[in-house]
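Here is the structure we will look at.
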Amino acid sequence: MQVLVRDNNVDQALKVLKKKMQREGVFREMKLRRHYEKPSERRAREAAEAVRRARKMERKRLEREGF
């Protein structure tokens with residue numbers, strides 16, 4: 001990942017870098033990799049995340065349609 005520093009504004013460049021890393025999911029992946037996760041736990045977590053995403057999308061769809 002690369003960020004350009006303009007006018008020696010390192011604080012702004014750090015802010016942009018953190019935002020990019022957050023968007024890419026780097027921090028989340030680092031947190032997950034701190035401890036070993038068994039494959040069965042990983043499958044269960046990913047399935048639960050998929051269910052959460054689907055419910056969220058459904059809520060947003062219903063909200064848009066006015067129900």
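General remarks:
- In terms of the mean number of neighbouring beta-carbon atoms within 10 Å, the peptides 34-45, 16-27 order highest first as 16-27, 34-45.
- Note on the chain: Cα-only Rg and Dmax are 18.1, 51 Å.
- Carbon-plus-sulfur accessible fraction, the chain (probe radius 1.4 Å, protein heavy atoms only): 51%.
- Folded to 0 to 90 degrees: helix 39-65 orientation relative to the chain principal axis, Cα: 80 degrees
- For the chain: accessible area per residue (Å², 1.4 Å): 102 Å²
The values are calculated or read from the model by the stated rules, or taken from the named source; none is laboratory data. Nothing here was measured: the structure is a model prediction, and the numbers come from that model. When we count neighbours, we look across all protein chains shown, and the Cβ atoms used for this are built from the backbone with ideal geometry, even at glycine. Please note that ligands, DNA and RNA were not included when accessible areas were found on the heavy atoms of the full protein model with its side chains. Shrake-Rupley method; radii C 1.70, N 1.55, O 1.52, S 1.80 Å.
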